[in-house]
Every structure is written in C-alpha cells, then in structure tokens.
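Below is one structure, written out as structure tokens, with a few remarks after it.
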Amino acid sequence: MKFSITCDQIAKVTGGTIKGVADCNIEGINRIQDACKGELAFYADKKYVDFLEATEASCVLVSSDYDGKVPAGKSYILVDDPHRGFVQILMYLDNSDPKLRSEIHPTAVIDSSAKISSTAWIGANCVIGAECQISDNVVIHPNTVLYNSVIIGENSLIHSGVICREETVIGKNCIIHAGTILGSDGFGYAEKEDGSYIKIPQLGNVVLQDDVEIGANTCIDRAVAGSTVVEQGCKLDNFVQIGHNAVIGKNTGIVSQAGIAGSTKLGQRNRIGGQVGFAGHIDTADDVTILAQSGVAKSVDKAGLYFGSPIKDRRSAFRIEAVMNKLPDMYFDMKKIKDEIEKLKKD
C-alpha cells in the first residue's frame, strides 16, 4: 500500500505529542525490529527495549510516560497506548485508500432475476444465481459463486473464490475471506444395518449476522432444517469448521483449526483457541474461554478459563499437567522404595 503521512498527521490521528523531528514523511509501517528509515513502528513492551535502541524507524509510537532521549533525526510520538495508536494509524490509512467504484465485470454470469445494487462491485468470473440480493456497497471479488437466493447485506466484502450455497444470508459489514464455503451440506447420515449409509438431506441454510468476519478456507455447514447461525460481531479465523445447526454466540472469537460439531451452541463472548474440538449437541455459557488443543465433550455451564481434554478449570488442569510431568521421577522413586522394602524383607 502506497501512502505518505507526516509525523504531525500521525500525532493528530493518535492524539499524541511529538518529541524530536516533527516534519518527517512516513511512507511505510513495520515491526520495530524490522523497520527501516521512512517507516513507522511502535514500542509498547519493555522487553523490546533493545529493538527501540537499534531500530532504523524514522517515527516510533511510545508510551506517554517514556522519558528517554530521542535519537537525532528521529521522531517519537507519546501516546497513552502505543499499540492502540498503531491500530488507529492502520485504520486511518485503510479508510484513506481509494475504494472500488461500482462496476459489474463483463465476464460475470448473473441470473436475470438477481437484484444487484447500483453501488455494488462484482469482479471477473463471478456467478450469481437466481433471486440473489446484493445490497449497497457490496464488493464481490473474482471467481466467487453464489447459488440461488443468496442475500448479502450492505457494505459487506466477499473475497475471491468464496462459495455460498443456496439461501445463505450474510448481514451488513461482513468480511468473508478467500476460499471460504458457506452452506455446504452438513455431515448427516443414517447408518443402515449392513453398515452402509443413507444421506440425510440438508435443507436448511447458513445465516451470518452483521459485523461478522470469516477467515480463509473456513467451512460453515447448512442446517438439516432451520439455520446454522453465526451471531453479530463474531470473528472466525482460517480453517475453522462449523457443523450443521450450530449457533455461535454474539462476539465470539474462534481461532484456526477449531471444530464445532453439529447442534452445538456457544454462548456470547466465547474465546476458542486453536485446534479446540467440540462434541455435538452441547452448550457453553457466556464468557467462556477454551485454551488451545482442548477437547470439549460436555456442556460448560459457568463462565471461566478451561484447558485439557476433556476440559477442566485451567488451574486444576495445569496442576494435573505439573504432576504428570513428574511421573517418571515418581515411578523411579517408587521402584527404589519397593526394592528397599523387598531387601528388608529378605534380611
């Protein structure tokens, strides 16, 4: 991304105070350990003090209580929270970036019954099925496929290669990253006496409420009947699997490679670590956090921090882990005691 911003502008955006050079131009952003001349970085953790002293960044956001010297030719901007200030600059630059103008690429294939806002942008080779509804300021990048009766709300952004099965509903201000599949069939089969399977039709849909972001290559299965629902404000990472008829509570965050089995209902503001697995038909309370690589086999009825497989309260789980790490030594101690007892018996 090409841009140019002065240190004075950075100070105004972040509400900070400049120490050092005030009139330098910044044309890049980077981590403090990698930043070069002409770039902006931030320093928020004292363990990175060596990087602060060595960085070539022309401008650094530092805490308002910083009382060190500013190297010659550089600018430090004192702010209440350097990381938050850095995010403010990222948001400022993103909002300054020219947006795509309304357009429908001539290679897009669009059913005549689809309703597309005049302010939408449709990229090359997109396929939009019958009765689809594309709202104002929606951007759909190339090679995206919408089956029949898909609805996409205002200001939503759909990246390349997304597939939305029939009757998928995407709310306002959503972001769907490349390769995601919404509304694929749930894993629903009935086993016959001979061990073979009968496929259970999946006739429901997927509903994403407003302000949801879905990472790349995530799959959310359609419901058997009714809807699989991702509620308002949820953020899902790449490679997350959501089973049929699951409900993901408002403002929940789920990290990569987590799997939520069918008909599971997560409460609001849950935080799910990477590679966490949920059994089906269970619930969690609001404000539950599950640490990475845990297994959730039954419902969680209290807010808290959990770990393990099966999960336990984090403190209990960590105590158990600490004891397990000592088991080899305990084994040899017990063996030594046993040998001593046997020796005493012989004597």
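A short reminder: the numbers here are calculations on the coordinates, not readings from a lab. Keep in mind it's a predicted model, so treat the numbers as computed, not measured. All Cβ positions, glycine included, derive from the backbone under ideal geometry; neighbour counts span all protein chains shown.
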Quiz item: Just a yes or no: is a residue in the stretch 299-308 under 25 Å from Leu208 (Cα atoms), surrounded by 14 or more Cβ atoms within 10 Å (Cβ to Cβ), touching a residue at least 12 places away in the same chain (Cβ under 8 Å) and under 18 Å from the mean Cα position of the chain (by Cα)?
Solution: no
Self-check item: Residues of the stretch 44-74 that turn out to be over 20 Å from Val87 (Cβ atoms), hydrophobic (A, V, I, L, M, F, W, C) and either surrounded by 15 or more Cβ atoms within 10 Å (Cβ to Cβ) or touching a helix residue (DSSP H, G or I) at 6+ places or on another chain (Cβ under 9 Å) (or both), as a count
Solution: 1
Practice problem: Report those helices (runs of 4 or more DSSP H) wholly inside the stretch 1-119 carrying at least 2 residues which are in contact with a strand residue (DSSP E or B) (Cβ under 7 Å, 6 or more places away or on another chain). | Solution: 7-14, 82-96
Quiz item: Taking Lys336 and the conditions (1) exposed (fewer than 11 other Cβ atoms within 10 Å of the Cβ); (2) of a type outside the set (A, V, I, L, M, F, W, C); (3) closer than 21 Å to Asn251 by Cα, which numbered condition does it fall short on, given that it satisfies the others?
Solution: (3)
Quiz item: Is there a residue being without any contact (Cβ under 8 Å) to a residue 60 or more places away in the chain, buried (at least 18 other Cβ atoms within 10 Å of the Cβ) and within 25 Å of Lys265 (Cβ to Cβ) anywhere in the stretch 187-199?
Solution: no
Quiz prompt | Whichever residue in the stretch 282-322 is hydrophobic (A, V, I, L, M, F, W, C) and part of a helix (DSSP H, G or I) and, among such residues, is farthest from Thr264 (Cα to Cα) | solution = Ala322
